[in-house]
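A.B. asks: What follows is a single structure, and I will ask about it in a moment.
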Amino acid sequence: MAISFASKVAIITGAGGGLGRAHALALAKLGAKVVINDLGGALDGSGGNSAAAEKVVAEIIAAGGEAIANGASVSDDAGVAHLVKQTMDQWGRIDVLIANAGILRDKSFGKMALKDFTAVMDVHLLGTVKPCKAVWDIMKAQGYGRIVVTTSSTGLYGNFGQTNYGAAKASLVGFMNSLKLEGAKDNIRVNAVCPVAATRMTEALMPPAVLEMLKPEFVSPAVAYLASDDAPSGMILTAAAGAFAAAQMMETDGINLGRNASADDIAAHFGQIADWSTAKHYGQGGEQNAKFLARVQDKPLLG
């Protein structure tokens, strides 16, 4: 059955341009009523007005859809509360939250001011956590919710000059992995999209020919899938230029060296310890703990 968002209400943060706008247009085309949240600030998070959000709303309405604008900062408690209240007053439910808002303050770690580190954490991490917290009880009461957070290859693999951004984006994977467990009994599914796209945040990093290939709208089908009725939960879906892949944390099977193992013993056996042919993904932390409890029952290699 074709994916549809008819009768669904979706909040999309950072939706005044780039990826958020593309996600909003995609969900609206599939029938969703959409709340376009965007502070309208500069790339570093300064300034702001609602013009960008209102422009996207006008696009959706012109295409026959339904949308409203919201100019709150996702890192502001009162602003997030107003965002949720505005949505409930307008449509009475919240089915989907796409947490997309973000800023950049790139600089090598040695030259980065701590205020620039915390500013990026506030928007990317807390700017996801706060909207999630604000809609959580609503989704639980409905017995339905779909949350998509936005991670990054920098969060998964690192990137020079982006320790703040990488820390925030990696944190969101841990957040998603725990939240999926808490939402399962109430039919709340939580996933992460890992996009590569031409946006304000990437245009200075890539040549024009590559940017043309990486239009934001090529990522949005991944978001629509992760927010759909039949979506999985706990998935990291990477997306770029029409190509898609799944990512996950993995751990090797490991070996039992014995309780008297030294650092030198670990060094001598590191090839076996880091044998990625034995790696697997664990659905929750308890499964990994159980693996170790089983491993220590093995006869130690060092006697």
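A.B. asks: List pairs: first residue in the stretch 118-147 and without any contact (Cβ under 8 Å) to a residue 60 or more places away in the chain and charged (D, E, K, R), second residue crowded, with 19+ Cβ neighbours inside 10 Å and part of a helix (DSSP H, G or I) anywhere in the structure, Cβ distance under 7 angstrom, at least six positions apart or on different chains.
C.D. replies: So the pair list comes out as LYS130/VAL80.
A.B. asks: In the stretch 143-159, what residues are of a type in the set (Phe, Trp, Tyr) and not in a helix (DSSP H, G or I)? First the steps, then the outcome.
C.D. replies: Pass one, the stretch 143-159, residues of a type in the set (Phe, Trp, Tyr): 144, 157.
Residue satisfying the conditions is TYR144 alone.
A.B. asks: Looking at (1) more than 14 Å from SER152 (Cβ to Cβ); (2) modelled with pLDDT of 95 or more; (3) of a type outside the set (Phe, Trp, Tyr), can you tell me which one VAL173 breaks?
C.D. replies: Result: VAL173 fails condition (1) only.
A.B. asks: A further question follows. Working carefully through the options ALA240, ALA227, find the one that is among the aliphatic types (A, V, I, L, M), within 23 Å of LYS180 (Cα to Cα) and surrounded by 11 or more Cβ atoms within 10 Å (Cβ to Cβ).
C.D. replies: Values: ALA240 fails: within 23 Å of LYS180 (Cα to Cα).
Going through ALA240, ALA227 in turn, the sole match is ALA227.
A.B. asks: ALA167: in a helix (DSSP H, G or I) and in contact with a Leu (Cβ under 7 Å, 6 or more places away or on another chain), yes or no? Walk me through it before giving the result.
C.D. replies: Details: in a helix (DSSP H, G or I): yes; in contact with a Leu (Cβ under 7 Å, 6 or more places away or on another chain): no.
No.
A.B. asks: Filter the stretch 187-200 for residues that are of a type in the set (D, E, K, R) and either buried (at least 16 other Cβ atoms within 10 Å of the Cβ) or not assigned by TED's automatic domain parsing to the domain that holds PRO221 (or both) and give the result. I'd like the intermediate steps shown before the answer.
C.D. replies: Initial filter on the stretch 187-200 (of a type in the set (D, E, K, R)): 189, 200.
ARG189, the sole residue that qualifies.
A.B. asks: Right, next: Listed residues ASN177, ASN159; which is touching a residue at least 24 places away in the same chain (Cβ under 8 Å) and surrounded by fewer than 21 Cβ atoms within 10 Å (Cβ to Cβ)?
C.D. replies: The unique qualifying residue is ASN177.
A.B. asks: Quick check on this structure: which one of ALA290, ALA243, ALA268 is in the same structural domain as TYR157 (by TED's automatic domain parsing), free of Cβ contacts under 8 Å to residues at least 12 places away in the same chain, out of contact with any Phe, Trp or Tyr (no Cβ under 7 Å at 6 or more places or on another chain) and among the small types (Gly, Ala, Ser)?
C.D. replies: Working: ALA290 fails: in the same structural domain as TYR157 (by TED's automatic domain parsing); ALA268 fails: in the same structural domain as TYR157 (by TED's automatic domain parsing).
Of the residues listed, the single one that is in the same structural domain as TYR157 (by TED's automatic domain parsing), free of Cβ contacts under 8 Å to residues at least 12 places away in the same chain, out of contact with any Phe, Trp or Tyr (no Cβ under 7 Å at 6 or more places or on another chain) and among the small types (Gly, Ala, Ser) is ALA243.
The values are calculated or read from the model by the stated rules, or taken from the named source; none is laboratory data. Computed from a predicted structure; not experimentally measured. Reconstructed Cβ throughout: ideal geometry from the backbone, glycine too, with neighbour counts over all protein chains shown.
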